[in-house]
1. Is it true that residue 106 is modelled with pLDDT under 60 and either exposed (fewer than 10 other Cβ atoms within 10 Å of the Cβ) or within 30 Å of residue 161 (Cα to Cα) (or both)?
2. Which numbered condition trips up residue 162, out of (1) in a strand (DSSP E or B); (2) in contact with an Asp or Glu (Cβ under 9 Å, 6 or more places away or on another chain)?
3. Do you know which residues across the stretch 116-138 are outside any strand (DSSP E or B) and either polar (S, T, N, Q) or touching a residue at least 24 places away in the same chain (Cβ under 8 Å) (or both)?
4. Out of 76, 34, 83, report the one residue that is farther than 30 Å from residue 161 by Cβ and either touching an Asp or Glu at 6+ places or on another chain (Cβ under 9 Å) or modelled with pLDDT under 85 (or both).
5. Within the stretch 116-128, work out how many residues are of a type outside the set (Lys, Arg) and touching an Asp or Glu at 6+ places or on another chain (Cβ under 8 Å).
Amino acid sequence: MGSTRIAFATGMLLGIIIACAGFLLWPKVAEAPPNLQAVEDMAGQASQRVTESIDWSFYDLFPKAEVATVGGYQQPMAAEREPNREYFLQVGSFPRLDDADERRAELLLLGLSPSVENKVIEQRTWHRIMLGPFESDVELNRVQAILAANDFESMPIAKAKEG
């Protein structure tokens, strides 16, 4: 029974020492430096200056403005196309097949159906990432918009139909 009391007293004493040491060593939170108030005042003045200089006249001008409509997206491309041509989008050309596969995977994640086409140029094989063929301008423009929204550059290519 005596050893239990000694263990209890030792634990209490160690707990008190640790708590006191923590209290004394804990960093003191000082009041904000006096220059901080000056910085806050300057920030408030700067924001007031910005709001005072805003010109709200565009609210009056906008309802009177005319907006031009774009009719090119509604016309199918088939009327302008040559009957023996197919239209594709090239979304990249890579000397390494691994890079081409990586781009193809990124396009698959966007819901597109890319293919890899191998082309030999000056004794070097290039792996082109192609989308298409597209039946109309509307479809081609829709895919170009998806690519642009996801920071991909594309280049339209017309090829002679096979067969």
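The values are calculated or read from the model by the stated rules, or taken from the named source; none is laboratory data. Being a predicted model, the structure only gives us computed values, none of them experimental. For neighbour counting, all protein chains shown are included, and Cβ atoms are generated from backbone atoms with ideal geometry for every residue, glycine included.
1. Values: modelled with pLDDT under 60: no; either exposed (fewer than 10 other Cβ atoms within 10 Å of the Cβ) or within 30 Å of residue 161 (Cα to Cα) (or both): yes.
No: the conditions fail for residue 106.
2. Residue 162 satisfies every listed condition except (1).
3. Initially, the stretch 116-138 is screened for residues outside any strand (DSSP E or B), giving 122-123, 132-138.
If the condition is that a residue be outside any strand (DSSP E or B) and either polar (S, T, N, Q) or touching a residue at least 24 places away in the same chain (Cβ under 8 Å) (or both), then 123, 132, 133, 134, 135, 136, 137, 138 are the ones that fit.
4. Values: 76 fails: farther than 30 Å from residue 161 by Cβ; 83 fails: farther than 30 Å from residue 161 by Cβ.
The match here is 34.
5. As a first pass, look at the stretch 116-128 and keep what is of a type outside the set (Lys, Arg): 116-118, 120-123, 125-127.
Restricting the remaining residues to those that are touching an Asp or Glu at 6+ places or on another chain (Cβ under 8 Å) gives 116, 127.
Summing the residues that are of a type outside the set (Lys, Arg) and touching an Asp or Glu at 6+ places or on another chain (Cβ under 8 Å) in the stretch 116-128 gives 2.
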